[in-house]
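What follows is a short report on a single structure.
The values are calculated or read from the model by the stated rules, or taken from the named source; none is laboratory data. Remember, predicted model here, so these are calculated numbers, not experimental data. Don't worry about glycine lacking a Cβ; one is built from the backbone with ideal geometry, like all the others, and counts go over all protein chains shown.
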Amino acid sequence: MRIEPLRWPLADGRDLLFFSLPGHAAEPLPDRRALPARAGTHTELRLDRQTGEWVVIAALRQHRTYKPAPDQCPLCPGPSGISSEVPAPDYDVVVFENRFPSLAGDSTPGLPDTVDAFMSAPGTGHCEVIAFSSDHTGSFADLDAAQALLVVQAWRHRTAELMARPGIAEVFCFENRGEEIGVTLTHPHGQIYAYPYVTPRSATMLRQARLHRERHGTNLFERILADELEEGARIVAQNGSFTAFVPFASRWPLEVHIYPNRFVRNLAGLDDAELESFARIYLDVLGRFDRLYDAPLPYMSALHQYNDDDGQREGYFHVELLSIRRTATKIKYLASSESAMGAFINDTTPEIVAGRLREL
Ligand SMILES: [Zn+2]
């Protein structure tokens, strides 16, 4: 069952989407803020010809909201209509377009990746914010099962809608958690980026998957999941529809991948029971993360999703959860080998990490 959000206009023309729990109904008020009108795309894509990778040049984001005082939080419900992005007395889950988007506006498909000159293009695409709860404190791991399910239902809704927009190559739902990761708003929230190109890491994985299909005739990700299940040493958690494991070649001191047990390319491919299983295992893994140390774990959560285009045929939906925390007191910084060369050095073994997470 697809849930349909209530759509409500914000003062500058952006849509605010209310996703409500069963029996709840959003009661929004007119947005009376004097916001400047939106003026199309402000950012630029530039092609790095050395790598064929696009870089988003987004100078306007220098002025974005940075660590606001709690009474100025743009994600707390704001019936007074002053600093909040949500003109309502309360809400369950909301989604709206970022006021300071890195990518904005529709585009035509088909950006080149090899050219013989400086190449730039308008920074089209979409950047949305998703507030996981109206409660300013807490995090995804603190949500109850119904609230967590509502968030993943909202992710599924946004994935299907944004993937269908013109010129969108990839829809990325993600969460950054913790000041160590650079989070500028503490209210529990995530973001959704719809890119006009396939991101570098997805392009690499899809290339590997195509090679695997040519050589072995099977899907790479299905094979990885089968191998992890057979070996077993790195499995962290399982339920009927999903498996969470520390990958064989983890790059980060703490890295967990969550795979559905059957091939789907994105959240829209999951049925309702599978979506509920996904919410459950995601909460399970995040709970283990927070029990590792005395303080909540800083992490990045990345939902890898693919569309039905020929070039993404082998793409297998999965989540990659990454943390830079090495020990209770130490952070892994990405230094020259990792940042300059993409050559990761992990100071622990995936098997030890999996063993610890399994016990928690
Ligand atoms: Zn807040």
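Checked against the criterion of being within 16 Å of the ligand (Cβ to nearest atom), surrounded by 18 or more Cβ atoms within 10 Å (Cβ to Cβ) and touching a residue at least 12 places away in the same chain (Cβ under 8 Å), the candidates Glu175, Glu179, Glu128 yield just one match: Glu175. Checked against (1) assigned by TED's automatic domain parsing to the domain that holds Arg265; (2) touching a His at 6+ places or on another chain (Cβ under 8 Å); (3) in contact (Cβ under 8 Å) with a residue 24 or more places away in the chain; (4) not hydrophobic (A, V, I, L, M, F, W, C), His187 passes all but a single condition, namely (1).
Checked against (1) without any contact (Cβ under 8 Å) to a residue 60 or more places away in the chain; (2) over 12 Å from Val95 (Cβ atoms); (3) not hydrophobic (A, V, I, L, M, F, W, C), Glu44 meets all criteria but (1). Filtered by the rule that a residue be part of a loop (DSSP other than H, G, I, E, B) and within 15 Å of the ligand (Cβ to nearest atom), the range 87-106 gives Pro87, Ala88, Pro89, Asp90, Tyr91, Asp92. Restricting the range 229-243 to residues that are assigned to a strand (DSSP E or B) and not β-branched (Val, Ile, Thr) leaves a set whose member that is farthest from Gly269 (Cα to Cα) is Ala237. One residue stands out among those in the range 244-277 that are hydrophobic (A, V, I, L, M, F, W, C) and in a helix (DSSP H, G or I): the one that is surrounded by the most Cβ atoms within 10 Å (Cβ to Cβ), which is Leu267. Just checking, does the range 139-150 include any residue being assigned by TED's automatic domain parsing to the domain that holds Cys127, assigned to a loop (DSSP other than H, G, I, E, B) and within 16 Å of the ligand (Cβ to nearest atom)? Yes: the range 139-150 contains one or more residues that are assigned by TED's automatic domain parsing to the domain that holds Cys127, assigned to a loop (DSSP other than H, G, I, E, B) and within 16 Å of the ligand (Cβ to nearest atom).
Within the range 175-202, the set of residues being part of a strand (DSSP E or B) and either at pLDDT below 95 or not charged (D, E, K, R) (or both) comprises Asn176, Arg177, His189, Gly190, Gln191, Ile192, Tyr193, Ala194, Tyr195. Annotation note: of Arg313, Arg326, Arg356, the sole residue that is surrounded by 12 or more Cβ atoms within 10 Å (Cβ to Cβ) and without any contact (Cβ under 8 Å) to a residue 40 or more places away in the chain is Arg313. Taken over the range 107-136, the criterion of being within 13 Å of Tyr195 (Cβ to Cβ) and part of a loop (DSSP other than H, G, I, E, B) is satisfied by Ser107, Pro109, Leu111, Gly123, Thr124. Inspect all residues belonging to the range 299-306 and state whether any of them is touching a residue at least 40 places away in the same chain (Cβ under 8 Å) and part of a loop (DSSP other than H, G, I, E, B). Yes, there is a match, as at least one residue in the range 299-306 is touching a residue at least 40 places away in the same chain (Cβ under 8 Å) and part of a loop (DSSP other than H, G, I, E, B). Return yes when Thr41 is within 16 Å of the ligand (Cβ to nearest atom), modelled with pLDDT under 90 and surrounded by 13 or more Cβ atoms within 10 Å (Cβ to Cβ) and no when it is not. No: the conditions fail for Thr41. Quick check: anything in the range 231-238 closer than 28 Å to Ile3 by Cβ and within 16 Å of the ligand (Cβ to nearest atom)? Among the residues of the range 231-238, not one is closer than 28 Å to Ile3 by Cβ and within 16 Å of the ligand (Cβ to nearest atom), which makes the answer no.
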